[in-house]
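First the structure, in the form of structure tokens, and then the observations on it.
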Amino acid sequence: MSDDTGDQRPENDGQRFDRLPATSDERVVAGRPTREEVVGWWEQRYGLPPETWDGHTFWEKGNGKIWAFAADLVSPNPVEGLGLRILRARQEHWKPSTNAVQRFCGAASKNVVLLDEDEAETFARGDDQELERWEGDWGYVVAAHEFEGAVEPIGVGLYLHGELRSTVPKGRQEDLS
Amino acid sequence: MNPLERYAPLVDDEEAFFEACDRPLPSVVRVNGIKTTVERARSALDAGDVGYEATDWHPGILKLDERGPGTTWPYFHGWLHGQEEVSALPALALDPQPGEVIWDACAAPGSKTTQLADLMDDTGTLIGNDNNLGRLSALRHNAERLGVSNLVVTNQDARNYSLKPFGEDTDDPEAIDAFDRALVDAPCSCEGTIRKNPDALDRWTMNHVHSVAGIQKGILRRAVQATREGGTVVYSTCTFAPEENEAVLDHVLGEEDCQMVEWDAPDGFETALGVTEWDGDEYDPSVELAHRVYPHHNDTGGFFCAKLEVTA
Ligand SMILES: C[S@@+](CC[C@H](N)C(=O)[O-])C[C@H]1O[C@@H](n2cnc3c(N)ncnc32)[C@H](O)[C@@H]1O
């Protein structure tokens with residue numbers, strides 16, 4: 001639609017799934033993240049080993065919604081859902097999804113905020129809380145607790161100004177106290 | 001008249017059958033192997049003082065003493081999924097393998113779909129389809145909560161399911177032309193859910209049984225057509241009516257290239273043979289290989305499950 005710029009590059013079609021290009025050399029659609037960028041982002045921000053994603057292909061549907069799928073498919077594809085929605089890109093601070101963090105961030109080694117029992121319950125309820133002790137990065141963090149002998153991710157927190165905000169979606173919030 | 005009276009001649013113990021139909025169902029959960037192990041899930045329930053008992057036939061299918069699992073940490077983490085005990089049968093019969101292409105023709109809200117994903121170790125391509133868009137959102141919610149990443153969700157009428165979106169008949173290297181296995185967990189008159197929904201039979205009519213049987217035949221035929229030679233198709237319902245069970249199999253055995261195959265229910269899980277005569281009709285004798293589950297057999301809901309092999 002941008003006839004004033006004369007840019008002929010195809011734009012993102014939000015109605016279908018498109019496989020992400022491997023690297024920026026292969027990028028055709030303006031602004032679309034690459035596989036390399038997505039894998040690199042999880043590694044850089046959360047310390048997730050790149051091998052985590054070896055079996056998955058990455059897809060975009062909608063504006064910047066990125067999905068990980070355990071096999072490969074014809075692209076583009078008009079299906080309703082494809083694998084697990086893992087993050088929202090095309091914005092200054094990429095935001096991981098609760099479900100991706102629960103599924104994959106047991107292996108995270110960076111920006112994981114470990115909560116005690118009361119804090120974990122507050123977080124799962126969807127409530128925000130003061131958390132002065134955190135000395136890691138601001139922004140989207142993995143909220144986790146010790147559970148059954150391991151660090152188990154609970155969801156995505158937004159850490160700002162000494163406060164941990166819970167982004168657990170309404171339909172997943174639970175009073176576990 | 002109680003429509004279940006129709007089946008008195010089929011059951012071994014009439015009194016036990018009707019008694020069981022009147023009892024409420026226990027609350028049951030399945031452990032989700034995509035996010036945890038049976039040991040860790042059970043240990044988490046113990047730590048949370050949630051009483052349960054494993055079923056006789058599956059260590060990862062647990063009967064809870066009281067409340068539903070919703071307000072526990074293992075549930076929050078997606079380690080558990082509320083699923084009726086008997087509804088775990090069809091996925092076991094289908095026996096999907098990691099890396100395969102599987103079609104779940106009537107998938108929403110996804111109890112069996114997510115169990116299939118688990119059995120596939122969350123690899124390969126699992127296509128979950130349903131013609132009801134509203135129910136599909138429940139399927140997506142359940143799959144995401146359980147961390148499933150091998151699921152493709154589609155919204156088509158399964159009776160004329162098209163593989164075009166998957167590149168059928170193109171030379172795309174990722175094209176899918178046929179499924180390795182398909183599950184048809186068909187819409188039905190739901191007689192077997194009477195223990196869960198006491199009003200399940202309020203709107204029961206013989207007309208509805210006949211019209212839903214037409215849909216079942218259409219979906220099962222399409223499943224056989226779209227599955228590769230040597231592949232497996234499983235047909236299941238939660239109803240007792242032979243019109244929706246053995247008669248549907250009989251029809252499809254006659255129209256499509258497939259045969260019934262033997263499948264043993266898990267040890268400790270009691271079932272009855274498929275019936276070959278009903279209401280003046282006779283069915284292909286091989287439908288006897290199907291499994292009927294009556295509520296008094298294993299203290300579950302009612303169910304029907306059959307396994308077919310595609311022969312061309
Ligand atoms: C018994 S339920 C499936 C339950 C599901 N397999 C599970 O385990 O959670 C039957 C489903 O078939 C769907 N259905 C009915 N007619 C259909 C058709 N023609 N094509 C596809 N799906 C259909 C209904 O919307 C319903 O969700």
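A quick yes/no check of all residues on (1) more than 9 Å from the ligand (Cβ to nearest atom); (2) among the acidic types (Asp, Glu):
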site	(1), (2)
B:ILE176	yes, no
B:ASP180	yes, yes
B:PRO187	no, no
B:GLU191	yes, yes
B:ALA213	yes, no
B:ILE219	no, no
B:THR227	yes, no
(Q) I'd like the residue in region B:229-250 that is within 16 Å of the ligand (Cβ to nearest atom) and assigned to a helix (DSSP H, G or I) and, out of all such residues, is surrounded by the fewest Cβ atoms within 10 Å (Cβ to Cβ). (A) B:GLU244
Q. Among (1) more than 13 Å from chain A (Cβ to nearest Cβ); (2) more than 13 Å from the chain's Cα centre (by Cα); (3) under 17 Å from B:ARG221 (Cα atoms); (4) surrounded by fewer than 24 Cβ atoms within 10 Å (Cβ to Cβ), where does B:HIS81 come up short?
A. (3)
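Those residues that are among the charged types (D, E, K, R), touching a helix residue (DSSP H, G or I) at 6+ places or on another chain (Cβ under 8 Å) and modelled with pLDDT of 95 or more, I need them from region B:280-302; list them, please.
Scanning region B:280-302 gives B:ASP281, B:ASP284.
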Q: Output the number of the condition that A:THR52 fails; it satisfies all remaining conditions of (1) among the hydroxyl-bearing types (Ser, Thr, Tyr); (2) under 16 Å from A:THR34 (Cβ atoms); (3) away from chain B (no Cβ under 11 Å).
A: (2)
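When you scan region A:61-164 for strands (runs of 3 or more DSSP E) that lie fully inside it, which ones turn up with 1 or more residues that are without any contact (Cβ under 8 Å) to a residue 40 or more places away in the chain and under 13 Å from the mean Cα position of the chain (by Cα)?
Working: elements: A:65-69, A:84-88, A:112-115, A:139-147, A:150-160.
So the answer is A:65-69, A:84-88, A:139-147, A:150-160.
Which helices (runs of 4 or more DSSP H) does region B:32-103 wholly contain that include 1 or more residues that are under 19 Å from B:PHE303 (Cβ atoms) and within 16 Å of the ligand (Cβ to nearest atom)?
Details: elements: B:38-47, B:73-76, B:89-94.
Filter on region B:32-103 gives B:89-94.
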Q) Scanning region B:162-195 for residues that are within 14 Å of chain A (Cβ to nearest Cβ) and under 19 Å from the mean Cα position of the chain (by Cα), which turns out nearest to A:ASN77 (Cα to Cα)? A) B:PHE179
Q. From the residues in region B:132-169 that are more than 8 Å from the ligand (Cβ to nearest atom) and acidic (Asp, Glu), which one is nearest to A:PHE58 (Cα to Cα)?
A. B:GLU144
Q: Please tell me if B:GLY110 is without any contact (Cβ under 8 Å) to a residue 40 or more places away in the chain, closer than 18 Å to A:ASP72 by Cα, of a type in the set (Gly, Ala, Ser) and within 9 Å of the ligand (Cβ to nearest atom).
A: no
**Q.** Residues of region B:136-155 satisfying the condition of being more than 10 Å from every other protein chain (Cβ to nearest Cβ) and either buried (at least 16 other Cβ atoms within 10 Å of the Cβ) or of a type in the set (Phe, Trp, Tyr) (or both)
**A.** B:ASN142
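The values are calculated or read from the model by the stated rules, or taken from the named source; none is laboratory data. No experiment lies behind these values; they were computed from the predicted model shown. Please note: Cβ atoms are built from the backbone with ideal geometry, for glycine as well, and neighbour counts cover all protein chains shown.
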